[in-house]
Ligand SMILES: [Zn+2]
């Protein structure tokens, strides 16, 4: 049993070899790497505390140490300058930016060493006293939108945090980033025809029965979404077209993406959910979502999938793990659930 008396523990007094590592994966951590992870988590915890003491406006502190595949470590904390999300950056994104800039500067000085930027580890801590840690910490959906790309992350990227779940003993939790991300194998498509094959997963079948959604209703949603997608002329700046429909009560709302600039746009699913929130005076319960995203041919960029950022907002209250998700894929229509699409976020119920 490890005794940890307060959040500013003297790491030298802790026998790190005795600290268990908990993981869904069969993850073997060599002793020196485990020790390094422990110290980095502790240092990040200290920074998160200081961030709150220095007046971070959310009164919540998070900090992350990231390690690149070149074994460069960078630390970052959450920066909440106003209550607007555009002026906020989470700890992990802050650390990633620091690491990215470091890698670019290194390349600028020594181009002969090449530029190969991948994040190997994210060590995430919060300001919560180390005696009171309970659940493991994972990135929020805004961060997952960032992390959902092969450019800077890969199948081995691992997230560590302290955890004390159930028995109260301090442990290191290890989770592969891919476990938190949406389906990695599906490819969205912009081709649709009325006789396209529809595949319904077992979980989705249960949800269709629960919400009384018929095959005809699925086809109506597909058609409405496709029409909105096909007729959308407002995405010429980014070249990325998206359309979404949502079923709530007995109503279907549909909208397509519109660009302000190349990277500023109105995300259609968030827009129609906001409209439905007003209509239902905040009592919105989403039964089904249909989503058409642009096909992507570049395997490094995963921006054709359902907006993880929007799913993060609606899952707080208005969607559930059994909300039906209808996706237009290359060779078929896939009817699945949000719980299957973004499983871990629903299982662990992490609140932003
Ligand atoms: Zn975040």
For segment 11-180, diffusion coefficient by Stokes-Einstein and Kirkwood Rh (Cα), 25 °C, 0.890 mPa s, µm²/s: 149 µm²/s
- prompt: In degrees, nearest 10, range 0 to 90: what is the angle between the Cα axis of helix 31-53 and the longest Cα principal axis of the chain?
  reply: 80 degrees
statement: If each part is reduced to its alpha-carbon centroid, segment 88-136 and segment 193-241 end up apart, in Å, by 38 Å
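When the helices in the chain are scored as -39500 (n - 2.57) per DSSP H run of 4 or longer and the sum is shared across all residues, what 222 nm value do you end up with, to the nearest 500 deg cm²/dmol?
Numbers: 9 runs with 103 residues, N = 352.
Using -39500 (n - 2.57) per qualifying helix, the result is -9000 deg cm²/dmol.
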Label-point separation in nm, residue 216 to residue 199, each point 7 Å along Cα→Cβ: 2.8 nm
message: Compute the helix-to-body angle for 268-279: its Cα long axis versus the longest principal axis of the chain, expressed 0 to 90° and rounded to tens.
response: 80 degrees
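At a 10 Å Cβ-Cβ cut-off, how would you order 193, 67, 123, fewest neighbours first?
Values: 193 6, 67 23, 123 30.
Result, fewest neighbours first: 193, 67, 123.
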message: If I model segment 41-91 as equal point scatterers sitting on the Cα atoms and use the Debye formula, what is log10 I(q)/I(0) at q = 0.19, 0.29 Å⁻¹?
response: -0.61, -1.03
message: I need the P(r) histogram for segment 198-348: all alpha carbon pairs, bin width 10 Å from 0 out to the longest distance, whole percents.
response: 11, 43, 37, 9, 0
- prompt: What's the long-distance tail for the chain, i.e. % of Cα pairs beyond 26 Å?
  reply: 55 percent
message: Can you tell me the orientation of helix 215-230 relative to the chain, as the angle in degrees between its alpha-carbon axis and the longest Cα principal axis, to the nearest 10?
response: 80 degrees
DSSP beta bridge pairing in segment 196-334, given as percent antiparallel to the nearest 5: 75 percent
message: Using a Gaussian network model on the chain with a 10 Å cutoff between Cα atoms, which of 65, 107, 183 fluctuates the most?
response: 107
Gain on full stretching of the segment that runs from residue 71 to residue 266 - 0.36 nm per residue minus C-alpha separation: 66.4 nm
Rg and Dmax [Cα atoms of segment 91-237; Å; Rg one decimal, Dmax integer]: 21.9, 62
task: Arrange the following residues from fewest to most other Cβ atoms within 10 Å of their Cβ: 152, 273.
output: 152, 273
task: Give the Debye-formula value of log10 I(q)/I(0) at each listed q (0.18, 0.30 Å⁻¹), with one equal scatterer per alpha carbon of segment 228-268, two decimals each.
output: -0.48, -0.96
query: Highest GNM mean-square fluctuation, the chain, Cα pairs closer than 10 Å: which of 127, 56, 328?
result: 56
Exposure proxy order (Cβ contacts within 10 Å, fewest to most) of 54, 221, 277: 54, 277, 221
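Bear in mind these aren't lab numbers, they're just calculated from the coordinates by the rules spelled out. No experiment lies behind these values; they were computed from the predicted model shown. Glycine also receives a Cβ, built like all others from the backbone with ideal geometry; neighbour counts cover every protein chain displayed.
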